[in-house]
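> Before anything else, here's the structure in question.
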Amino acid sequence: MLKQKLKNRTLILASGSPRRQQFFKDLDLDFEIRLKEIKEEYPPSLSHIEITNYLAALKSKAFQEELTPKDILVTSDTIVWYNNHALGKPKDEIEAFKIIKRLSGNTHEVITSVCISSTTFQKTVNAVTKVTLKVLTDDEIWYYIKNYSPMDKAGAYGIQEWIGLIGVTKIEGSHFNVMGLPTHLVYETLNTIAEEY
């Protein structure tokens, strides 16, 4: 299995997201976590997948000089794309309310790009999932904001939390992508890399 194929490599997950860290554990991978503060800014000319591809690669640049030949670094970025706009993490509860209100009763896309790199290669893969929410009442939105943690999530909600259970009416694509990591793609790409490099 993949764990065995990577036994002579050091897999590094550069993410503070508890969900992404848990996914790597659930994939039964040996890995270490390394974190760096990175300003997540992108050129305004970019849109859709271009944004997450750019940010995932940008995050990997911060580590390039310290990688050894046996290291494999994984960086990623997730946005919610709605009405031709990228929705990131809310700055406060008011913004969280506005974001969820916009998504209420509509279909949006969750885009995640994953950049896997080493001293000799860099490969970026991405996934797009369409999510439809029912029309949420203001009370439901505020209940979620007050009782859960929307502030660290793109689009101000977590599909695995209460609002996902009561609000998501349709999903097209990877459910895990909406949680922040297209696990099937990561596994498949790491498998290919383990065989080729």
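Here's the yes/no breakdown for (1) within 15 Å of Lys123 (Cβ to Cβ); (2) small (Gly, Ala, Ser); (3) in a helix (DSSP H, G or I):
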position	(1), (2), (3)
Asn8	no, no, no
Gln21	no, no, yes
Leu35	no, no, no
Glu40	no, no, no
Ser47	no, yes, no
Thr68	no, no, no
Thr75	yes, no, no
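> Now a separate question. Quick check on the stretch 40-49. Is at least one of its residues in contact (Cβ under 8 Å) with a residue 40 or more places away in the chain, surrounded by 18 or more Cβ atoms within 10 Å (Cβ to Cβ), under 23 Å from Tyr157 (Cβ atoms) and not aliphatic (A, V, I, L, M)?
Pass one, the stretch 40-49, residues in contact (Cβ under 8 Å) with a residue 40 or more places away in the chain: 40, 48-49.
In the following step, the residues that additionally are surrounded by 18 or more Cβ atoms within 10 Å (Cβ to Cβ) were identified as 49.
Of the ones still in play, those that are also under 23 Å from Tyr157 (Cβ atoms) are 49.
Filter again for not aliphatic (A, V, I, L, M), leaving none.
Taking every residue of the stretch 40-49 in turn, none turns out to be in contact (Cβ under 8 Å) with a residue 40 or more places away in the chain, surrounded by 18 or more Cβ atoms within 10 Å (Cβ to Cβ), under 23 Å from Tyr157 (Cβ atoms) and not aliphatic (A, V, I, L, M).
> Residues that are closer than 15 Å to Leu181 by Cα and of a type in the set (A, V, I, L, M): does the stretch 85-106 have at least one? Break it down stepwise before answering.
First, the residues of the stretch 85-106 that are closer than 15 Å to Leu181 by Cα: none.
Looking for residues that are closer than 15 Å to Leu181 by Cα and of a type in the set (A, V, I, L, M), one finds none in the stretch 85-106, hence no.
> So, one more: Could you tell me how many of the residues in the stretch 54-91 are surrounded by 14 or more Cβ atoms within 10 Å (Cβ to Cβ) and either of a type in the set (Asp, Glu) or on the phi > 0 side of the Ramachandran plot (or both)?
Count: 2.
> Pairs under 6 Å by beta carbon, first residue touching a residue at least 24 places away in the same chain (Cβ under 8 Å) in the stretch 101-122, partner surrounded by fewer than 14 Cβ atoms within 10 Å (Cβ to Cβ) and among the aliphatic types (A, V, I, L, M), six or more apart or different chains?
Pairs that qualify, where the first residue is touching a residue at least 24 places away in the same chain (Cβ under 8 Å) and the partner is surrounded by fewer than 14 Cβ atoms within 10 Å (Cβ to Cβ) and among the aliphatic types (A, V, I, L, M), are Ser104/Val135; Gly105/Val135.
Rule-based calculations on the coordinates, nothing more; no lab input. Predicted model only: the values in this text are computed from it and were never measured. A quick note on method: Cβ atoms are made from the backbone with ideal geometry, for glycine too, and the neighbour counts reach across all protein chains shown.
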